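Trainee: Pasting in a structure now, in structure tokens, and then I'll have a few things to ask.
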Amino acid sequence: MLTTRAPAKINLTLHVLGRREDGYHALESLVAFSGAGDTLSFTPDDDALSLDISGPTSSAAGAGADNLVLRAARRLAEEIKGLRLGRFRLDKRLPVAAGIGGGSSDAAAALRLLAKANHLAPDDPRIREVARAIGSDVPVCLDPRARMMRGAGETLGEPIRLPLLPAVLINPGAPVATGPVFAALGLRPGALREGAAHADIAARPGADELLAALAKGRNDLEDAACLQAPVIVDALAMLRGARGCRLARMSGSGATCFALFSTRREAVRAASVIRAQHPGWWVKTAVLR
Ligand code: C5P
């Protein structure tokens, strides 16, 4: 049996540069990954492709044929004749439709496991192609390390070594569908804006350098997501009000928000205060990488 983690993806910045002729929005986003995540296991089996799912968010995710693990596996099998499939087991812990790429990270994890079981190189172009076809966030999740992501997720920068910045992730429990949030921007296909200065993040930024760069950035989907799920406004206010919070922002199309702190003690304290006030929210301390 092979096992891998499917970590949560956090968009530290997310700039929308415009809408392309194919309908997708051109993005510029600094993406990082958290220790919090799902766990996917795989047992090769010549006779079957199956998915067994357990864990706190398993019922929201579902193990049906449209689960991204199965879609990615079927698509790769179409691409590579004779691909050895098998039985997947997913321990689902990340909130669903939450702006942290849970399903995308699961799909990328499935592709990594299939590559390993079939002795394919992790950067096999057929794997990249399937990742792109499954969803915009799947390619960046194939090798989950902080980096710039551009286009509709197909153009990836070199890995960035982030400084140790304790983080808190919170999800107030309102699922947000990505498509409608992008649609609410009301952009027509046409000319794209230039990328922003924040794109020039060093390969190994120091904490102050990174925070200064992030402060110049933003998440262009925040307003549209807050209209769809107003509880995001409360989530951001809670994080911004926490002692030691240096930056708080929404990830992806929401509703998960993150905050960065100077010390782990401040992050742990903020998490416990938020948990006490909102026992139903998903609250995690994390180190981003
Ligand atoms: O690629 P994915 O299936 O995750 O995207 C979900 C929806 O979000 C797309 O159908 C599209 O409407 C929107 N989207 C977009 N531009 C992106 C990513 C997603 O318009 N860069």
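Trainee: Explain nothing, just compute: Karplus ³J(HN,Hα) = 6.51 cos²θ - 1.76 cosθ + 1.60, θ = phi - 60°, for every residue of the range 47-54 in order, whole Hz, x for Gly and Pro.
Mentor: 9, 8, 10, 8, 9, 10, 10, 9
Trainee: Still on this structure, please answer the following. Hey, what angle do you get for helix 68-79 against the long axis of the chain, alpha-carbon based, 0 to 90 degrees rounded to 10?
Mentor: 50
Trainee: Rounded to the nearest 0.05, what FRET efficiency do Asp143 and Arg275 give with R0 = 30 Å and r taken as the Cβ-Cβ distance? Could you check? Please list the in-between numbers first.
Mentor: On the way: r = 32 Å, r/R0 = 1.07.
Efficiency, from the Cβ-Cβ distance: 0.40.
Trainee: Mind putting a number on the dipole of the range 168-289 about its Cα centre? Charges go on the C-beta only, +1 for Lys and Arg and -1 for Asp and Glu, and I need it in Debye to the nearest 20. Each step should come with its number before you reach the end.
Mentor: Details: 15 positive and 9 negative charges, 89 e Å.
With Lys and Arg at +1 and Asp and Glu at -1, about 420 debye.
Trainee: Oh, and also: Along Cα→Cβ, 7 Å out, is where each label goes; now give me the distance between the ones at Glu129 and Tyr24 in nm to one decimal.
Mentor: Reported label-point gap for Glu129 and Tyr24 is 1.5 nm.
Trainee: Between the helical axis of 125-134 and the dominant principal axis of the chain, each derived from Cα atoms, what acute angle in degrees is found, rounded to the nearest 10?
Mentor: Tilt of helix 125-134: around 60 degrees.
Trainee: Find out how many positive minus negative residues lie around Ser29, taking Lys and Arg as positive, Asp and Glu as negative, among other residues whose Cβ is under 10 Å from that of Ser29.
Mentor: Numbers: positive: Lys9, Arg147, Arg150; negative: Glu28, Asp137, Asp220.
Result for the neighbourhood of Ser29: 0.
Trainee: Here's another thing I want to ask about it. Going by how many other beta carbons lie within 10 Å of each one, how would you line up Leu211, Leu30, fewest first? Working shown, then result.
Mentor: Details: Leu211 16, Leu30 24.
Fewest-to-most Cβ neighbours within 10 Å comes out as Leu211, Leu30.
Trainee: With the dipole of the range 166-287 worked out from charges on the C-beta (+1 for Lys and Arg, -1 for Asp and Glu) around the Cα centre, which of Ala225, Gln277, Gly254 lies farthest toward the positive end?
Mentor: Of the options given, the answer is Gln277.
Trainee: Turning to a different aspect of this structure: Given R₀ = 22 Å, what would the calculated FRET efficiency be for Asp66 paired with Ala121, taking r from the Cβ atoms and rounding to 0.05?
Mentor: Numbers: r = 28 Å, r/R0 = 1.29.
Efficiency for this residue pair is about 0.20.
Trainee: Here is a follow-up. Leu165's amide H: which non-local residues (gap 5+, or another chain) put their own amide H closer than 5 Å, with H modeled 1.01 Å from N in plane and none for Pro or chain starts?
Mentor: Answer set, sorted by chain and number: Leu288.
Trainee: Placing unit charges on C-beta atoms (Lys and Arg positive, Asp and Glu negative, everything else neutral), compute the dipole magnitude of the range 2-156 about its Cα centre in debye, rounded to 20. Provide the component values of the computation, followed by the final result.
Mentor: Values: 21 positive and 19 negative charges, 52 e Å.
In debye, rounded to 20, the range 2-156 gives about 240.
Trainee: Which three lengths, in whole Å and largest first, does the chain cover when its Cα atoms are put on their principal axes?
Mentor: 55, 46, 36
Trainee: Count charges around Ala207 for me, please; just the other residues with Cβ under 14 Å from its Cβ, Lys/Arg as +1, Asp/Glu as -1. It would help to have the intermediate numbers written out before the result.
Mentor: Numbers: positive: Arg161, Arg204, Arg246, Arg264, Arg289; negative: Asp208, Glu209, Glu266.
Cβ neighbours under 14 Å give a net charge of +2.
Trainee: Please give the calculated 222 nm ellipticity per residue for the chain, where each DSSP H segment of at least 4 residues contributes -39500 (n - 2.57) and the sum is spread over every residue; nearest 500 deg cm²/dmol? Let's see the in-between values first.
Mentor: Working: 10 runs with 95 residues, N = 289.
The helix-only estimate for the chain comes to -9500 deg cm²/dmol at 222 nm.
Trainee: Taking the range 192-289, which GluC sites (Glu not before Pro) meet the DSSP loop condition and have no more than 14 other C-beta atoms within 10 Å?
Mentor: Details: sites: Glu194, Glu209, Glu222, Glu266; in loops: Glu194.
Those that pass, being in a loop and sparsely packed, are Glu194.
Trainee: Once the Cβ-Cβ distance between Arg289 and Glu78 is put in as r, and R0 is 51 Å, what FRET efficiency do you end up with, to the nearest 0.05? Write out the running numbers ahead of the final one.
Mentor: On the way: r = 33 Å, r/R0 = 0.65.
Result of the calculation: an efficiency of 0.95.
Trainee: Just need the relative contact order of the chain here, percent rounded to a whole number, with Cα pairs under 8 Å and 6+ apart.
Mentor: On the way: 658 pairs, mean separation 68.7, N = 289.
Relative contact order of the chain: 24 percent.
Trainee: Give the order of His119, His15, His278 when sorted by the count of other beta carbons within 10 angstrom, beginning with the fewest. Intermediate results must be reported in sequence, preceding the final value.
Mentor: On the way: His119 7, His15 21, His278 17.
By the 10 Å Cβ count, ascending: His119, His278, His15.
Trainee: Please state, as a whole number in µm²/s, the translational diffusion coefficient that the Stokes-Einstein equation yields for the range 2-156 at 10 °C and 1.306 mPa s, with Rh defined as the Kirkwood radius across alpha carbon pairs.
Mentor: Values: Rh = 15.6 Å.
The Stokes-Einstein estimate is 102 µm²/s.
Trainee: Using the Kirkwood radius over C-alpha pairs as Rh, can you work out the diffusion coefficient of the range 110-175 via Stokes-Einstein at 20 °C, viscosity 1.002 mPa s, in µm² per second?
Mentor: Values: Rh = 13.8 Å.
The diffusion coefficient I find is 155 µm²/s.
Trainee: For the range 166-287, max minus min Cα coordinate along each principal axis, in Å, sorted largest first?
Mentor: Result, largest extent first: 47, 35, 18 Å.
Trainee: Here is a further query. If you rank Leu164, Leu260 by fewest surrounding Cβ atoms within 10 Å, what's the result?
Mentor: On the way: Leu164 9, Leu260 23.
With the sparsest Cβ surroundings first, the list reads Leu164, Leu260.
Trainee: Something else about it: Report, in debye and to the nearest 20, how large the dipole of the chain comes out about its Cα centre when Lys and Arg carry +1 and Asp and Glu carry -1 on their Cβ. The partial results should precede the final answer.
Mentor: Details: 37 positive and 29 negative charges, 155 e Å.
In debye, rounded to 20, the chain gives about 740.
Bear in mind that the values in this text are calculations on the coordinates, not laboratory data. Just so you know, these numbers come straight off a predicted model, no measurement behind them. Glycine also receives a Cβ, built like all others from the backbone with ideal geometry; neighbour counts cover every protein chain displayed.
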